[in-house]
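These notes concern the structure reproduced below.
Bear in mind that the values in this text are calculations on the coordinates, not laboratory data. Predicted model, so just to flag it, every value in this text is computed and none were measured. Cβ atoms come from the backbone with ideal geometry, glycine included; neighbour counts cover every protein chain shown.
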Amino acid sequence: MAIKEQNIVLKIKGMDCAEEVAILKREIGPLVGGEANLSFDVLKGQMTVLPSAPDAKLESIVKAVRKTGMDALPYEAVRSDRPEQATWWERQGRLTLTLASGVLTASGLGLHLSLAGNWADVLGSEGMGRARFIPLAVRGLYSLALLAGVFLVLPKAWFSLRRLRPDMNLLMTIAVCGAVAIGEWFEAATVAFLFALSLTLESWSVSRARRAIEKLLDLAPAVIRVIDSKGMVTEVAPDTVEVGTVFQIRPGERIALDGEVVKGTSDVNQAPITGESIAVTKGAGAVVYAGTVNGSGTLEVRSTKASQDTTLATIIRMVGEAQQKRAPSEQWVDRFARYYTPSVLVVAFAVFLIPTLAFGKPFDVWLYQALVLLVIACPCALVISTPVSVVAALAAAAKNGVLVKGGVHMETPARLKAIALDKTGTLTEGRPAVVEVVTLSGHTEIELLERAAAMESHSDHPLARAIVEYCAAKGVKPLPAEEFSIIPGKGATGRWNGKEYWLGSHRFLEERGQETPVVHEQLEKLSSTGRTVVVIGNESHVCGYLALADTIRPESKATVQRLRAAGIEHIVMLSGDNQGTAEAIGREAGIDEIRAELMPADKVTAISELVARYKTVAMVGDGINDAPALSLASVGIAMGAAGSDTAMEAADVALMSDDLSKLPWLVEHSRRMLGIIRTNIILSLAVKAVFVVLTILGHASLWAAIAADMGMSLLVIFNALRLLRDKN
C-alpha cells in the first residue's frame, strides 16, 4: 500500500516515552522522506505518516517498527474522537510480568533463606551482597524472575546494540547479564524486577495523564434528538446532523452539538468546556456547546456547526496535536540523554578495565562496581520527568478551561515580560450596556425607561437590545404606544396620552432644534469618554438621555493586578477605538500603556516593538483583526468562547470561558511546571552523582543502586502529577 494522499495512522505498542519516539524517528524517517513527515502522539500511542510523505510501502514501515522492539498495528481509519479498544495483554501484560518478577524474586529469596538457614549465607558478608552458595532451585526461580523483568526490554536492548546506540534498556540488560556472570543471582533478579517496576510506573503515569485528557472523549452523547418540520422527534447520530437542524435537549442530558437556543430556558453546566464552576442560564438566542450538560429545563437548539467542527471536537483535536509539539525542556533532556548514555557506558568500562588491567585489582569486584555504575547512571528518571510534567500541565490546563496547543506554549507564559491586551471583547464585555440614566425637565427615571423600552423593543440594534435588557432588569415594562414609527438611521417616535415622544442620537436632537447649551455640553462630555448617548424627548423639551458604553469585565482590574504581582513588567492595551474611549477603559483597568485608533497592521507593529524591547510577549485578543498580532507574539492567547474562529486558529492558547482571571493562573501554572521540571532534573542528577562517588569508593551495591534509581523515578513522577491538581 502506498502512502501519499492521506494520513496513515499506526498504533504503536511499546511507545511510552520520548526515547521510543526518537528511535522511531531515526528508523522510520528515511522510509518516508524525513522525520518532518512523521507525527507522534505518545498519549494515544500513535504514529502518523503525513500526506507530504513520498510513496512508501506500509509493510516496510511496519517491519521497520518491529525491528525496534515495538510493534505497529495499521488500520484504515482511526476515529480521533474515541479511544481504541485494547487487548488484555496490552492493558495488563506489563503489570503481570512485573508482578511475576517481584513474586518470583521474593520466592527465590525465601527458598534460599529456608535452605541456608541464615541471612549471611543468603546475602553474603563481604559488603556487596555476594552469597556463598546458591542452590539450583533458587537459581531457577531467580532466572524466571529476571526473565519476566526484562521480557519487554530485551527486544529494545537488542535493537540498541545492533544499531550501536546505547539506551537505558541496553544499560539495564548489560547490568543484569553481568550480575549473572559473576554469580549475583539475587541482585540480577532484583535489578530486573525494579527496572520493570519503574517502567510500569512510567507507563501508569502517562496513562493517568492520558485518562485526564480522554475524559473529553466521553463528553459528546452518541445520539441526538432531531425535531423535523412536523414536530416529530427522531434519534440519530450527531455526525449525520446538518447545520441548521433543530434538536431537543432534555433535562440532565449532555448537549451533542454547538448551537443557538431557539426555545426554552435552562441552566447549563459549561465546566467541561469552559472550566466555569457555576451553571450559566441559557434562553432564546444564547449559544450552547457540545459536551456541556443541560439543567432542569428542556431546550430546543438550532445547530450551528457540524459534529467535526464543534468547540469540543476542536479541543480534542488540538489536545491531540499538542502532544506533538514538544517543550524546549523536553528537547534539552533528549539532547542531554543522547550523549549522556554512551558516555556512561564508556565510564563503566573504564571503571572495570583500569583497576583490573593497570593495577591488578580483583576482576569480579570491579566488574561489579562497573555494573552498579551502569544501573545508577540509567537516565530513566531524568528522561521521564519532563514529558510527564508537561502532559500533566496540559491536562490540568484543559480541565481548567485553558486550551494550550503544545508543550512549547506551556513553557512560554512562565517567561513573559510583557502582555498586550485587546480592548473590545477582551478587557471589556464586547457589547454595549446602559451605564447612566439622566432625567431632565421634571421627568422620572421610570417614565424615561418606559418610553425607551417601548420604542427600542421594536429594534434589533445592539444599542436597542442593551436598553431593553436594562429596563427588564429594572422591572420596567414597555407601555403600548400609539402611532409608533421608526425613522431610519435616526430613531423612533410614538404617542402616549395624546403626546408625541421621540428617541434618537445627539445628531437627531440637533436636527430637531431642541438642544440647549447645557444639554450640548453634557452630551459632548459623555461622547469624549467613549459613551454613546440615546436622547429621549417630546414636542416641547428633552426628557432625558441614556448613556451606553462597552463596560469593562468585572475581573479585568483584578487580573491586571495579579499579572503585575506575578512579575509581568509591562501591560499594554491595544484598541481600534478612539483615544478617549480607550483611555477611560485603560485607566479603569490599571493598564500601563494605552494605544488607541489602531488598525490590524498597527497592532502587528506594536507587538513587534514590544518583542524587540521585552523579548517574550503575549498578545490576548478575540477578533479576526487580532489574528496577525496573535501569530506574531511569543504566545498568542485567544478569548475562546466569544472569539472568532480565525483568532482561535492563530492563537497558541485559548481561554475557553472568556475568563481573564485564567491569564495570571496560566502564568503561575506554567512557572509551577518549570519549577517541578527543574527540581526533578536537579534531584535526579544529584542522586546519580552521590552514587557515582560511592561506587568508585566501593560502597555501593546493585540492589541499592536500582532502588535509588526507582525511588527517583517514583519521586519525579508523583512530583509531576501534582500539576493535575492545579486549579484557578
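Assorted remarks:
- About the centre of its Cα atoms, region 532-609 shows a dipole size close to 300 debye [charges on the beta carbon of Lys, Arg (+1) and Asp, Glu (-1) only; nearest 20 debye].
- With a cut-off of 12 Å between beta carbons, the residues surrounding ALA306 carry a summed charge of -3, where Lys and Arg count +1 and Asp and Glu -1.
- For ILE61, net neighbour charge (Lys/Arg +1, Asp/Glu -1) across residues whose Cβ lies under 13 Å away: +2
- Partners of LYS499 within straight-line reach, counting lysines whose Cα lies under 27 Å from its Cα and excluding those fewer than 8 residues away in the same chain: LYS474, LYS477, LYS490.
- Share of pairwise Cα separations in region 429-551, more than 24 Å, in percent: 18
- Using only alpha-carbon positions in region 226-309, the gyration tensor eigenvalues give semi-axes of 20, 14, 11 Å once each is multiplied by 5 and square-rooted (largest first).
- For LYS361, nonlocal amide neighbours, meaning residues 5 or more places apart or on other chains whose placed amide H falls under 5 Å from its own, are THR356.
- Cleavage-rule hits (chymotrypsin sites (Phe, Trp or Tyr not before Pro)) in region 131-188: DSSP loop, at most 12 neighbouring Cβ within 10 angstrom: PHE133
- Packing-based ranking, highest mean first, of 453-466, 223-236 given that Cβ atoms within 10 Å are counted: 453-466, 223-236
- Surrounding net charge for MET573, when Lys and Arg each add one and Asp and Glu each subtract one, Cβ distance under 12 Å: -2
- Reach of LYS63 by Cα under 20 Å, taken over lysines that are not fewer than 8 positions away in the same chain: LYS4, LYS11, LYS13, LYS25, LYS156
- Semi-axis lengths, largest first, of the ellipsoid equivalent to region 460-613 are 40, 18, 14 Å, with √(5λ) applied to each eigenvalue of the Cα gyration tensor.
- Residues in region 144-154 carry Karplus couplings, in order, of 5, 5, 6, 5, 5, x, 9, 4, 7, 8, 3 Hz; the curve used is 6.51 cos²θ - 1.76 cosθ + 1.60 with θ = phi - 60°, and Gly or Pro positions show x.
- By other beta-carbon atoms within 10 Å, ranking GLU411, GLU569 with the fewest at the front produces GLU569, GLU411.
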